[in-house]
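Contents: one structure, followed by commentary.
Just so you know, all these numbers are worked out from the coordinates, no wet-lab data involved. Remember, it's a predicted structure, so these values are computed and weren't measured experimentally. A quick note on method: Cβ atoms are made from the backbone with ideal geometry, for glycine too, and the neighbour counts reach across all protein chains shown.
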Amino acid sequence: MHLLKMSDLNQSDIERIIQTAERFKSNSDCEKHQGFIANLFFEPSTRTKLSFEMAEKRSGYQTIDFLTESSSVQKGESLYDTVKTVESLGVSAIVIRHPKDRYYKELEESVQVPIINAGDGKGEHPSQCLLDLYTIYEEFGRFNGLNILISGDILHSRVARSNALTLQRLGANITVSGPSFWQDAELGIPYAPIDEVIHKCDVLILLRIQEERHDLKEEQRDYLTSYGLTPEREQQMKTESIIMHPAPVNRGVEIASELVECQRSRIFTQMNNGVYIRMAIIHELLQGGVTNESITKKCSI
Ligand code: CP
């Protein structure tokens, strides 16, 4: 089984992965496995790459790193041949981030070891989505009925796509916000200006402006006051509401810098939870899911 997009997982798969992450977080350790996992990042990454490395090592796996700049990609080797080469070395799984939407289409039938999508272009970011779900579940204990506002560069965001569609599937009420020219009509999620809905949301997910996917640097001028989270908007949020952002954060653009670590921010909690979710994803794909009877807390999504 690969994990390429959130629709690869049904509701009970998602519940099980969250339960496993909870177990790993509370025990701070897990079964140690043997083998190798390769991390192929064809796009820059800090969180996802280091978080997968941490998760792999804590699960007992040795990590195989891959640097595009010193690899035979520079000689013109294709993604397909690169991945088949890594598979033939004997790894147990391959984590891939690539700028092309659905890069995995040419791989999914031919590669026998699990592929974990660490982000495909503007497509999806399933491990980020799962860590976001875990962070929301940890806070509220449910998804059903929550009001979730996703604000920013929706059109170019793989996080927005994975999160909006999955949270909607789990019963949350999703609204998108931000500049009208960065909305994605195909998503089918209702739009509202941030000032009309900020006071109602339980979760505000801010998105980074994806400078690498368009040439609209001018749009960053006045972005914070027009669309971002200013201290004035933060004060309109409900007492128990939380702020999330997949990061990296453009401080002073999507969010006022002083709010990044404010009391209701869960931005660094998301990063911490990312390690346990990625340990759970690896466990799910390589050990065939959770059957541990010691799990006592039922995840009631
Ligand atoms: N959230 C996220 O994907 O961050 P990186 O690009 O640093 O991996």
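Based on other C-beta atoms within 10 Å, arrange Phe268, Phe24 from fewest to most.
Phe268, Phe24
By average Cβ neighbour count within 10 Å, what is the ranking of 187-196, 171-180 from highest down?
So the order, starting with the most tightly packed, is 171-180, 187-196.
Sort Met244, Met237 by Cβ crowding within 10 Å, fewest neighbours at the top.
With the fewest neighbours first, Met244, Met237 line up as Met237, Met244.
Near Ser71, within a Cβ-to-Cβ distance under 12 Å, what is the net charge of the other residues, with Lys and Arg +1 and Asp and Glu -1?
On the way: positive: Lys75; negative: Asp65, Glu69, Glu77, Asp81.
Result for the local shell: -3.
Counting other C-beta atoms within 10 Å, which of Glu31, Glu254 has the fewest, and how do the rest follow?
Least crowded to most crowded, the residues run Glu31, Glu254.
Could you grab the relative contact order for the stretch 239-282? Cα pairs under 8 Å, six or more apart, rounded to a whole percent.
Values: 25 pairs, mean separation 18.1, N = 44.
Over the stretch 239-282, the number comes to 41 percent.
Long-range amide H contacts for Ser265: which residues qualify at under 5 Å (H placed 1.01 Å from N, peptide plane, sequence gap of 5 or more or a different chain)?
Amide H neighbours of Ser265, under 5 Å, 5+ apart: Ile243.
On a 32 Å Cα-Cα criterion, which of the cross-link pairs Lys32/Lys238; Lys57/Lys84; Lys32/Lys75 come out too long?
The answer is Lys32/Lys238; Lys32/Lys75.
Which value, in Å³ per residue, describes the convex hull spanned by the Cα atoms of the stretch 126-269?
Dividing the Cα hull volume of the stretch 126-269 by its residue count gives 100 Å³.
At q = 0.16 Å⁻¹, work out log10 I(q)/I(0) for the chain with the Debye formula, treating every Cα as an identical point scatterer and leaving solvent out; two decimals please.
-1.32
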